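Chemist: Can you keep this structure in mind? I'll have questions shortly.
The values are calculated or read from the model by the stated rules, or taken from the named source; none is laboratory data. Please read all numbers here as calculations on a predicted model, not as lab measurements. In this analysis, Cβ positions are derived from the backbone assuming ideal geometry, glycine residues included, and neighbour counts consider all displayed protein chains. For accessibility, only protein heavy atoms count, side chains too; no ligands or nucleic acids. Shrake-Rupley method; radii C 1.70, N 1.55, O 1.52, S 1.80 Å.
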Amino acid sequence: MNIIKAHNLACPIDGQKLEQINKQLVCVNSHSFDIARQGYANLLPVQHKRSKQPGDSKAMVLARTEFLNSGIYEAIAEKLTDIVFAEVNKDKDTCFLDAGCGEGYYFDYLFNRLIDKTGDNKLSFIGLDISKDAIIQATKRNRQITWLVGTNRQPPVEDESVDIILCLFGFLSMDAFNRALKPGGVIIVVDPGAEHLKQLREIIYPEVKKPDVSDSSQIEIEGFSLVKSETLTFDEKITSNEKINQLLIMTPHFYRASKEGRLAAASLEELEITVDVIFRVLEKT
Ligand SMILES: C[S@@+](CC[C@H](N)C(=O)[O-])C[C@H]1O[C@@H](n2cnc3c(N)ncnc32)[C@H](O)[C@@H]1O
């Protein structure tokens, strides 16, 4: 039985097709990659690593898992599912790549909803993240998804083999995504909006900056056109110090904030948050 379900994986060293032979993925030039006992493959060669342990740390991954499992962000996953569903042609095989999938909450949610809604097996799911700890955690959510350690700079898939790329709160690599997408394929980008977590930012920073939001006009220059842009905004009260700390640790704010800011947020017993998220659908032109 193939542990790795996807059929369009490519060698990160030479781009040749990867085939599963026993517990390895192997290309025609004999580059081989072990499939770990948890069921994921590590397709990040040492020469593509920019640090010893790239991506989110184990502490960030665990905090994100606990926070997301509480359901506070479930509305984001629901809206993502609706947007994705509108892009899926039920009569066609569809390959999804979640680029920077983290510990897999959104992709697993999407997998379960889409399988429910489409009721067929024409869908294939590849979750990619540069953090090995994130991918190990993701394997615990779902064994039907192909989980890979690798980089968005060079997704280890064959050229023009992916229909829908998801990039949630992550790092866009437009040239590489363009290469991976089929003609007419789409990228669904989810970014924080201007109001996102403003209350947390007001506590941890002396001066609150607007979050960086990818410039859609820039994206169009790179071979994509913006076909949809929607926002989701809601308020939520978090009434547990543990949850507030998980939120703090899972966001990049934890590392950017001053020590004083971190301590002030870490001691809160409750926090009202505004969740403000932008969904964009970009089509390959
Ligand atoms: C803010 S987290 C978002 C994770 C997930 N998309 C979510 O929304 O829960 C960003 C993720 O991008 C990953 N990452 C950072 N650089 C990357 C790269 N070059 N290629 C792939 N993943 C990367 C990190 O390890 C981390 O899991």
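Chemist: Filter region 258-268 for residues that are of a type in the set (Gly, Ala, Ser) and in a loop (DSSP other than H, G, I, E, B); which is farthest from the chain's Cα centre (by Cα)?
Modeler: Taking the candidates together, the pick is SER267.
Chemist: So which residues in region 258-276 are open to solvent by less than 40 Å² (accessible area, probe 1.4 Å) and under 26 Å from VAL190 (Cα atoms), if there are any at all?
Modeler: Passing the criteria: ALA265, LEU271, ILE273, THR274, VAL275, ASP276.
Chemist: Testing GLU283 on (1) under 16 Å from LYS198 (Cβ atoms); (2) at pLDDT 95 or above; (3) open to solvent by 20 Å² or more (accessible area, probe 1.4 Å); (4) not basic (Lys, Arg), one condition comes back false. Which one is that?
Modeler: (1)
Chemist: Kindly provide the set of residues from region 18-38 that are closer than 21 Å to LYS122 by Cα and touching a strand residue (DSSP E or B) at 6+ places or on another chain (Cβ under 7 Å), ordered by number. Lay out the reasoning, then the answer.
Modeler: To start, the set of residues in region 18-38 that are closer than 21 Å to LYS122 by Cα comprises 18-20.
Hits for region 18-38 are LEU18, GLU19.
Chemist: Also, I was wondering about something else. Within region 124-139, take every residue that is polar (S, T, N, Q) and out of contact with any Leu (no Cβ under 9 Å at 6 or more places or on another chain) and give me the one that is farthest from the ligand (Cβ to nearest atom). Break it down stepwise before answering.
Modeler: Within region 124-139, the first condition is being polar (S, T, N, Q), and the residues that meet it are 124, 131, 137, 139.
Now drop any that are not out of contact with any Leu (no Cβ under 9 Å at 6 or more places or on another chain), which leaves 124, 131, 139.
Details: SER124: 19, SER131: 3, THR139: 14 Å.
Selected residue: SER124.
Chemist: May I pose another question? Filter region 64-83 down to residues that are of a type outside the set (D, E, K, R), in contact (Cβ under 8 Å) with a residue 12 or more places away in the chain and away from the ligand (no atom under 11 Å from the Cβ), then give me how many there are. Lay out the reasoning, then the answer.
Modeler: As a first pass, look at region 64-83 and keep what is of a type outside the set (D, E, K, R): 65, 67-73, 75-77, 80-81, 83.
Next, from what is left, pick out any that are in contact (Cβ under 8 Å) with a residue 12 or more places away in the chain: 65, 67-70, 72-73, 75-77, 80-81, 83.
Then keep just the ones that are away from the ligand (no atom under 11 Å from the Cβ); that gives 69-70, 72, 75, 81, 83.
Qualifying residue count, region 64-83: 6.
Chemist: Could I ask something else about it? Pairs needed: first member in region 90-111, over 15 Å from ARG143 (Cα atoms); second member anywhere, away from the ligand (no atom under 14 Å from the Cβ) and in a helix (DSSP H, G or I); C-beta distance under 7 Å; at least 6 residues apart or different chains.
Modeler: What qualifies is LYS90/THR118.
Chemist: Across region 95-122, what is the number of residues that are within 18 Å of the chain's Cα centre (by Cα) and either under 21 Å from VAL157 (Cα atoms) or crowded, with 17+ Cβ neighbours inside 10 Å (or both)? It would help to see each step written out before you state the result.
Modeler: Taking region 95-122 first, the residues within 18 Å of the chain's Cα centre (by Cα) are 95-114.
Okay, now just the ones that are also either under 21 Å from VAL157 (Cα atoms) or crowded, with 17+ Cβ neighbours inside 10 Å (or both), so 95-111, 113-114.
Number satisfying all stated conditions: 19.
Chemist: Just the residues that are under 29 Å from ASP235 (Cβ atoms) and open to solvent by 90 Å² or more (accessible area, probe 1.4 Å), please, taken from region 76-93.
Modeler: Answer for region 76-93, where residues must be under 29 Å from ASP235 (Cβ atoms) and open to solvent by 90 Å² or more (accessible area, probe 1.4 Å): GLU78, ASP82.
Chemist: Answer yes or no: is there a residue in region 45-52 that is part of a loop (DSSP other than H, G, I, E, B), of a type outside the set (D, E, K, R) and under 26 Å from THR251 (Cβ atoms). Reasoning before the result, please.
Modeler: Applying the first criterion (part of a loop (DSSP other than H, G, I, E, B)) to region 45-52 yields 45, 49-52.
When the remaining residues are screened for being of a type outside the set (D, E, K, R), the result is 45, 51.
Of the ones still in play, those that are also under 26 Å from THR251 (Cβ atoms) are 51.
Yes - at least one qualifying residue is present in region 45-52.
Chemist: Still on this model: How many residues does region 18-60 contain that are open to solvent by less than 80 Å² (accessible area, probe 1.4 Å) and away from the ligand (no atom under 15 Å from the Cβ)?
Modeler: Applying the first criterion (open to solvent by less than 80 Å² (accessible area, probe 1.4 Å)) to region 18-60 yields 18, 20, 24-27, 31-33, 35-36, 38-45, 48, 51, 54-57, 59-60.
Imposing the further condition that a residue be away from the ligand (no atom under 15 Å from the Cβ) reduces the set to 18, 20, 24-27, 31-33, 35-36, 38-39.
Selection size over region 18-60: 13.
Chemist: Across region 99-123, what is the number of residues that are part of a loop (DSSP other than H, G, I, E, B) and within 11 Å of the ligand (Cβ to nearest atom)? Spell out the reasoning first.
Modeler: First, the residues of region 99-123 that are part of a loop (DSSP other than H, G, I, E, B): 100-104, 119-122.
If we keep only those that are within 11 Å of the ligand (Cβ to nearest atom) too, we end up with 100-104.
Selection size over region 99-123: 5.
Chemist: Collect the residues in region 71-91 that are more than 16 Å from ILE188 (Cβ to Cβ) and out of contact with any strand residue (DSSP E or B) (no Cβ under 8 Å at 6 or more places or on another chain), keeping them in residue-number order.
Modeler: GLY71, GLU74, LYS90, ASP91
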